[in-house]
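S.K.: Structure in C-alpha coordinates, see below.
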Amino acid sequence: MSNQNIVAIANQKGGVGKTTTAVNLAAALAQAGHSTILIDLDPQGNASTGLGIGTDQRRHTVYEVLTGEVDFLTAAVRTGVPNLQVVPSTSDLASADVELASFADRTRLLEKQLSGAPEGTIILIDCPPALGLLTVNAMVAANSVLVPLQAEFYALEGLSQLLGTVKQVRQGANPKLRINGVLLTMSDYRNNLSQQVEADARETLGDLVYPTVIPRNVRVSEAPSHAQPVLIYDPMSKGSVAYRQFCAEFMARLKLVPEIA
Ligand code: ADP
Ligand code: MG
(Lines give C-alpha, C1' and ligand atoms only; values in the text may rest on other atoms or scores of the structure.)
(Ligands and ions follow the chains in the order given, each with its own letter.)
Protein backbone atom coordinates (compact mmCIF):
# COMPACT_ATOMS: atom_id res chain seq x y z
CA MET A 1 0.00 0.00 0.00
CA SER A 2 1.26 3.44 -0.80
CA ASN A 3 1.71 6.22 1.72
CA GLN A 4 -1.68 7.74 2.58
CA ASN A 5 -0.32 10.73 4.46
CA ILE A 6 0.89 13.09 1.77
CA VAL A 7 -0.58 16.57 2.11
CA ALA A 8 0.00 19.53 -0.21
CA ILE A 9 -0.25 22.96 1.42
CA ALA A 10 -1.46 25.24 -1.34
CA ASN A 11 -2.93 28.63 -2.13
CA GLN A 12 -1.90 30.61 -5.18
CA LYS A 13 -1.84 33.80 -3.13
CA GLY A 14 1.50 34.69 -1.56
CA GLY A 15 1.81 35.70 2.06
CA VAL A 16 -1.21 33.78 3.36
CA GLY A 17 0.71 31.54 5.77
CA LYS A 18 1.49 28.46 3.65
CA THR A 19 5.13 28.21 4.68
CA THR A 20 4.47 29.16 8.31
CA THR A 21 1.79 26.48 8.47
CA ALA A 22 3.99 23.91 6.72
CA VAL A 23 6.93 24.51 9.05
CA ASN A 24 4.92 24.55 12.27
CA LEU A 25 2.54 21.74 11.41
CA ALA A 26 5.58 19.65 10.45
CA ALA A 27 7.29 20.53 13.74
CA ALA A 28 4.17 19.75 15.77
CA LEU A 29 3.72 16.39 14.03
CA ALA A 30 7.37 15.56 14.66
CA GLN A 31 7.00 16.56 18.31
CA ALA A 32 4.00 14.24 18.54
CA GLY A 33 6.38 11.45 17.55
CA HIS A 34 5.60 11.15 13.84
CA SER A 35 8.40 10.80 11.38
CA THR A 36 7.79 13.81 9.12
CA ILE A 37 9.32 15.07 5.90
CA LEU A 38 8.61 18.58 4.63
CA ILE A 39 9.17 19.04 0.92
CA ASP A 40 10.01 22.65 0.10
CA LEU A 41 8.53 23.16 -3.35
CA ASP A 42 8.91 26.95 -3.42
CA PRO A 43 11.97 28.42 -5.23
CA GLN A 44 12.17 31.02 -2.45
CA GLY A 45 13.21 28.25 -0.07
CA ASN A 46 11.57 29.87 2.95
CA ALA A 47 10.64 26.56 4.54
CA SER A 48 14.25 25.36 4.23
CA THR A 49 15.59 28.59 5.73
CA GLY A 50 12.91 28.66 8.43
CA LEU A 51 14.02 25.21 9.55
CA GLY A 52 17.65 26.29 9.78
CA ILE A 53 18.92 24.71 6.56
CA GLY A 54 21.34 27.26 5.11
CA THR A 55 22.14 27.26 1.41
CA ASP A 56 25.49 25.55 2.15
CA GLN A 57 23.59 22.59 3.60
CA ARG A 58 21.46 22.09 0.50
CA ARG A 59 23.70 19.50 -1.13
CA HIS A 60 20.79 17.99 -2.99
CA THR A 61 17.61 19.87 -3.73
CA VAL A 62 14.01 19.21 -4.65
CA TYR A 63 14.82 20.19 -8.23
CA GLU A 64 17.10 17.14 -8.59
CA VAL A 65 14.35 15.07 -7.00
CA LEU A 66 11.88 16.22 -9.65
CA THR A 67 14.27 15.48 -12.49
CA GLY A 68 14.97 12.06 -10.99
CA GLU A 69 18.68 12.71 -10.45
CA VAL A 70 18.40 11.92 -6.77
CA ASP A 71 16.01 9.95 -4.58
CA PHE A 72 13.93 12.16 -2.27
CA LEU A 73 15.08 10.32 0.85
CA THR A 74 18.68 11.00 -0.18
CA ALA A 75 17.89 14.69 -0.64
CA ALA A 76 16.16 14.96 2.75
CA VAL A 77 18.19 16.75 5.44
CA ARG A 78 17.79 16.49 9.20
CA THR A 79 16.57 19.61 10.97
CA GLY A 80 17.04 20.75 14.56
CA VAL A 81 13.67 19.16 15.36
CA PRO A 82 13.93 15.42 16.06
CA ASN A 83 11.78 13.35 13.61
CA LEU A 84 11.65 16.21 11.12
CA GLN A 85 13.53 16.24 7.82
CA VAL A 86 13.26 18.71 4.97
CA VAL A 87 13.89 18.31 1.25
CA PRO A 88 15.33 21.77 0.57
CA SER A 89 14.78 23.95 -2.44
CA THR A 90 16.98 26.53 -4.10
CA SER A 91 16.36 29.24 -6.64
CA ASP A 92 17.14 26.83 -9.51
CA LEU A 93 13.56 25.68 -8.97
CA ALA A 94 12.37 29.02 -10.32
CA SER A 95 12.82 27.87 -13.91
CA ALA A 96 11.24 24.46 -13.27
CA ASP A 97 7.92 25.41 -14.85
CA VAL A 98 9.68 25.95 -18.16
CA GLU A 99 12.38 23.29 -17.88
CA LEU A 100 10.12 20.48 -16.72
CA ALA A 101 7.48 21.28 -19.34
CA SER A 102 9.31 19.13 -21.88
CA PHE A 103 9.06 15.99 -19.72
CA ALA A 104 6.32 13.68 -21.02
CA ASP A 105 5.17 12.82 -17.49
CA ARG A 106 5.70 16.38 -16.23
CA THR A 107 2.75 16.36 -13.80
CA ARG A 108 3.81 13.06 -12.22
CA LEU A 109 7.47 13.79 -11.44
CA LEU A 110 6.93 14.20 -7.70
CA GLU A 111 4.38 11.39 -7.49
CA LYS A 112 6.90 8.97 -9.02
CA GLN A 113 9.46 9.92 -6.40
CA LEU A 114 7.04 9.73 -3.49
CA SER A 115 5.70 6.33 -4.49
CA GLY A 116 8.65 4.93 -2.57
CA ALA A 117 7.85 6.96 0.55
CA PRO A 118 7.99 4.88 3.72
CA GLU A 119 4.53 4.11 5.04
CA GLY A 120 3.84 5.88 8.31
CA THR A 121 5.98 8.86 7.40
CA ILE A 122 3.98 12.04 7.06
CA ILE A 123 4.88 14.13 4.04
CA LEU A 124 3.91 17.80 3.79
CA ILE A 125 4.53 19.78 0.61
CA ASP A 126 4.96 23.56 0.85
CA CYS A 127 3.75 24.89 -2.52
CA PRO A 128 4.80 28.09 -4.30
CA PRO A 129 2.29 30.95 -4.68
CA ALA A 130 1.03 29.90 -8.11
CA LEU A 131 -1.11 27.18 -9.68
CA GLY A 132 1.64 26.19 -12.10
CA LEU A 133 3.41 22.92 -12.79
CA LEU A 134 5.00 22.71 -9.32
CA THR A 135 1.70 22.99 -7.45
CA VAL A 136 0.08 20.56 -9.89
CA ASN A 137 2.92 18.09 -9.21
CA ALA A 138 2.21 18.45 -5.49
CA MET A 139 -1.52 17.84 -6.01
CA VAL A 140 -0.89 14.81 -8.19
CA ALA A 141 1.45 13.32 -5.59
CA ALA A 142 -0.77 14.12 -2.59
CA ASN A 143 -3.79 12.48 -1.00
CA SER A 144 -5.18 15.79 0.13
CA VAL A 145 -4.76 19.55 0.00
CA LEU A 146 -4.64 21.85 3.03
CA VAL A 147 -5.54 25.45 2.20
CA PRO A 148 -4.32 28.26 4.47
CA LEU A 149 -6.61 31.27 4.15
CA GLN A 150 -5.57 34.63 5.48
CA ALA A 151 -8.35 36.20 7.54
CA GLU A 152 -8.51 39.38 5.49
CA PHE A 153 -10.70 41.02 2.89
CA TYR A 154 -10.77 39.14 -0.44
CA ALA A 155 -9.64 35.97 1.33
CA LEU A 156 -12.31 33.88 -0.37
CA GLU A 157 -11.54 35.37 -3.75
CA GLY A 158 -9.24 33.10 -5.66
CA LEU A 159 -10.49 30.10 -3.72
CA SER A 160 -12.73 28.99 -6.56
CA GLN A 161 -9.74 29.04 -8.89
CA LEU A 162 -7.79 26.88 -6.44
CA LEU A 163 -10.70 24.47 -6.02
CA GLY A 164 -11.00 24.39 -9.82
CA THR A 165 -7.41 23.20 -10.11
CA VAL A 166 -8.07 20.54 -7.46
CA LYS A 167 -11.08 19.40 -9.48
CA GLN A 168 -9.05 19.23 -12.71
CA VAL A 169 -6.37 17.14 -11.02
CA ARG A 170 -9.05 14.88 -9.56
CA GLN A 171 -10.67 14.40 -12.97
CA GLY A 172 -7.29 13.68 -14.50
CA ALA A 173 -4.09 12.50 -12.90
CA ASN A 174 -5.23 11.93 -9.30
CA PRO A 175 -8.87 10.85 -8.72
CA LYS A 176 -8.25 10.21 -5.01
CA LEU A 177 -7.28 13.81 -4.22
CA ARG A 178 -9.35 15.36 -1.40
CA ILE A 179 -9.51 18.70 0.34
CA ASN A 180 -8.06 18.12 3.80
CA GLY A 181 -9.37 21.42 5.08
CA VAL A 182 -9.07 25.17 5.21
CA LEU A 183 -7.05 26.85 7.97
CA LEU A 184 -7.70 30.49 8.82
CA THR A 185 -4.42 32.26 9.49
CA MET A 186 -3.20 35.64 10.78
CA SER A 187 -6.53 36.43 12.38
CA ASP A 188 -6.79 39.58 14.46
CA TYR A 189 -9.60 39.35 16.96
CA ARG A 190 -9.56 43.06 17.65
CA ASN A 191 -10.45 43.50 14.03
CA ASN A 192 -14.08 43.07 12.96
CA LEU A 193 -12.91 42.20 9.48
CA SER A 194 -11.17 39.02 10.64
CA GLN A 195 -14.35 37.91 12.36
CA GLN A 196 -16.40 38.70 9.27
CA VAL A 197 -14.04 36.70 7.05
CA GLU A 198 -14.17 33.79 9.49
CA ALA A 199 -17.98 33.89 9.53
CA ASP A 200 -18.09 34.01 5.71
CA ALA A 201 -15.63 31.15 5.38
CA ARG A 202 -17.55 28.95 7.81
CA GLU A 203 -20.84 29.72 6.09
CA THR A 204 -19.47 29.02 2.61
CA LEU A 205 -17.19 26.08 3.36
CA GLY A 206 -18.79 24.55 6.46
CA ASP A 207 -16.87 21.80 8.21
CA LEU A 208 -13.97 22.07 5.78
CA VAL A 209 -12.81 25.02 7.89
CA TYR A 210 -10.75 23.89 10.87
CA PRO A 211 -12.17 24.89 14.28
CA THR A 212 -8.82 26.35 15.31
CA VAL A 213 -7.91 29.75 13.91
CA ILE A 214 -4.26 30.88 13.91
CA PRO A 215 -3.96 34.37 15.45
CA ARG A 216 -1.66 37.06 14.18
CA ASN A 217 1.22 36.87 16.63
CA VAL A 218 4.54 38.71 16.51
CA ARG A 219 6.47 35.66 17.80
CA VAL A 220 5.32 33.74 14.71
CA SER A 221 6.76 36.40 12.43
CA GLU A 222 10.03 36.60 14.41
CA ALA A 223 10.74 32.86 14.42
CA PRO A 224 11.98 32.51 10.79
CA SER A 225 14.78 35.03 11.35
CA HIS A 226 15.95 32.72 14.15
CA ALA A 227 15.76 29.79 11.70
CA GLN A 228 13.31 27.99 13.96
CA PRO A 229 9.64 27.02 13.95
CA VAL A 230 7.78 29.23 16.45
CA LEU A 231 7.01 25.99 18.32
CA ILE A 232 10.70 25.82 19.22
CA TYR A 233 11.46 29.56 19.30
CA ASP A 234 8.66 30.36 21.77
CA PRO A 235 6.65 27.25 22.66
CA MET A 236 4.20 29.09 24.91
CA SER A 237 3.40 31.93 22.52
CA LYS A 238 -0.18 32.26 21.28
CA GLY A 239 0.95 31.19 17.82
CA SER A 240 2.55 28.00 19.15
CA VAL A 241 -0.48 27.12 21.24
CA ALA A 242 -2.71 27.58 18.19
CA TYR A 243 -0.47 25.52 15.88
CA ARG A 244 -0.34 22.65 18.40
CA GLN A 245 -4.12 22.73 18.74
CA PHE A 246 -4.49 22.78 14.95
CA CYS A 247 -2.07 19.85 14.69
CA ALA A 248 -4.30 17.78 16.99
CA GLU A 249 -7.27 18.49 14.72
CA PHE A 250 -5.17 17.70 11.64
CA MET A 251 -4.07 14.37 13.11
CA ALA A 252 -7.69 13.52 13.85
CA ARG A 253 -8.62 14.18 10.20
CA LEU A 254 -5.79 11.93 9.07
CA LYS A 255 -6.83 9.41 11.74
CA LEU A 256 -3.36 9.59 13.24
CA VAL A 257 -2.74 8.93 16.90
CA PRO A 258 0.25 10.43 18.72
CA GLU A 259 3.12 7.97 18.83
CA ILE A 260 3.99 6.90 22.36
CA ALA A 261 7.74 7.25 22.70
P1 ADP B 1 3.22 32.13 2.21
O2 ADP B 1 4.09 30.92 2.37
O3 ADP B 1 1.78 31.78 1.94
O4 ADP B 1 3.76 33.10 1.22
P5 ADP B 1 4.20 32.87 4.85
O6 ADP B 1 3.94 31.69 5.71
O7 ADP B 1 5.59 33.05 4.35
O8 ADP B 1 3.17 32.89 3.63
O9 ADP B 1 3.73 34.16 5.66
C10 ADP B 1 3.87 35.46 5.12
C11 ADP B 1 4.42 36.40 6.18
O12 ADP B 1 3.51 36.49 7.28
C13 ADP B 1 5.73 35.91 6.78
O14 ADP B 1 6.55 37.01 7.02
C15 ADP B 1 5.32 35.25 8.08
O16 ADP B 1 6.34 35.30 9.05
C17 ADP B 1 4.12 36.10 8.49
N18 ADP B 1 3.14 35.32 9.27
C19 ADP B 1 2.58 34.13 8.93
N20 ADP B 1 1.71 33.73 9.87
C21 ADP B 1 1.73 34.67 10.85
C22 ADP B 1 1.05 34.84 12.11
N23 ADP B 1 0.16 33.93 12.54
N24 ADP B 1 1.33 35.95 12.83
C25 ADP B 1 2.20 36.87 12.38
N26 ADP B 1 2.87 36.78 11.23
C27 ADP B 1 2.65 35.70 10.46
MG1 MG C 1 5.74 30.32 1.23
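The values are calculated or read from the model by the stated rules, or taken from the named source; none is laboratory data. Everything numeric here is computed off the predicted structure, so don't read it as measured data. Please note: Cβ atoms are built from the backbone with ideal geometry, for glycine as well, and neighbour counts cover all protein chains shown. Side chains included, ligands, DNA and RNA excluded: accessible areas come from the protein's heavy atoms. Shrake-Rupley method; radii C 1.70, N 1.55, O 1.52, S 1.80 Å.
S.K.: What nm distance separates the two modelled labels at S95 and E203, each placed 7 Å from Cα along Cα→Cβ?
M.R.: About 4.9 nm separates the two model spin labels.
S.K.: For the chain, what is the accessible area per residue in Å² when the probe is 1.4 Å? Walk me through the numbers on the way to the answer.
M.R.: Numbers: 11490 Å² over 261 residues.
Accessible surface, normalised per residue, equals 44 Å².
S.K.: Given springs between every Cα pair under 10 Å in a Gaussian network model of the chain, which of T79, T185, T20 has the largest fluctuation?
M.R.: T79
S.K.: Note the full-extension length gain between E222 and F103 as 0.36 nm times their separation in residues minus their Cα-Cα distance, in nm to one decimal. If you can, show how the numbers build up before the last one.
M.R.: Values: separation 119, 0.36 × 119 = 42.84 nm, distance 3.99 nm.
Additional length available on full extension: 38.9 nm.
S.K.: Note the full-extension length gain between T74 and V257 as 0.36 nm times their separation in residues minus their Cα-Cα distance, in nm to one decimal. Display every interim value, and only then the final one.
M.R.: Working: separation 183, 0.36 × 183 = 65.88 nm, distance 2.75 nm.
Additional length available on full extension: 63.1 nm.
S.K.: Still on this structure: Have a look at the DSSP beta bridges in the chain and tell me what percent are antiparallel, nearest 5. Could you put the intermediate results ahead of the total?
M.R.: Details: 2 of 27 bridges.
Percentage antiparallel, nearest 5: 5.
S.K.: Something else about it: Could you give me D for the chain, from Stokes-Einstein at 4 °C and 1.567 mPa s, where the hydrodynamic radius is the Kirkwood radius over C-alpha pairs? Units µm² s⁻¹, please.
M.R.: Working: Rh = 18.2 Å.
So the translational diffusion coefficient is about 71 µm²/s.
S.K.: While we're here: Most mobile of N174, N191, N24 per a Gaussian network model of the chain (Cα springs, under 10 Å)?
M.R.: The residue that fluctuates most here is N191.
S.K.: What's the tally of Lys pairs in the chain whose alpha-carbon atoms lie under 23 angstrom apart, where the two lysines are 8 or more places apart or on different chains?
M.R.: 9
S.K.: For D188 and S2, compute 0.36 nm times the residue count separating them, minus their Cα-Cα distance, and round to one decimal in nm.
M.R.: Details: separation 186, 0.36 × 186 = 66.96 nm, distance 4.00 nm.
So the extension gain works out to 63.0 nm.
S.K.: Rg to Rh ratio, segment 44-148, alpha-carbon atoms and Kirkwood radius? Walk me through the numbers before you get to the answer.
M.R.: Working: Rg = 13.1 Å, Rh = 14.1 Å.
Checking Rg against Rh, the ratio lands at 0.93.
S.K.: Within segment 1-123, what whole-number % of the accessible surface is contributed by carbon and sulfur, with the 1.4 Å probe and all protein chains included in the calculation? Kindly include the intermediate steps, with their values, before the conclusion.
M.R.: Values: 2290 of 4810 Å².
Here carbon and sulfur together make up 48 percent of the probe-accessible area.
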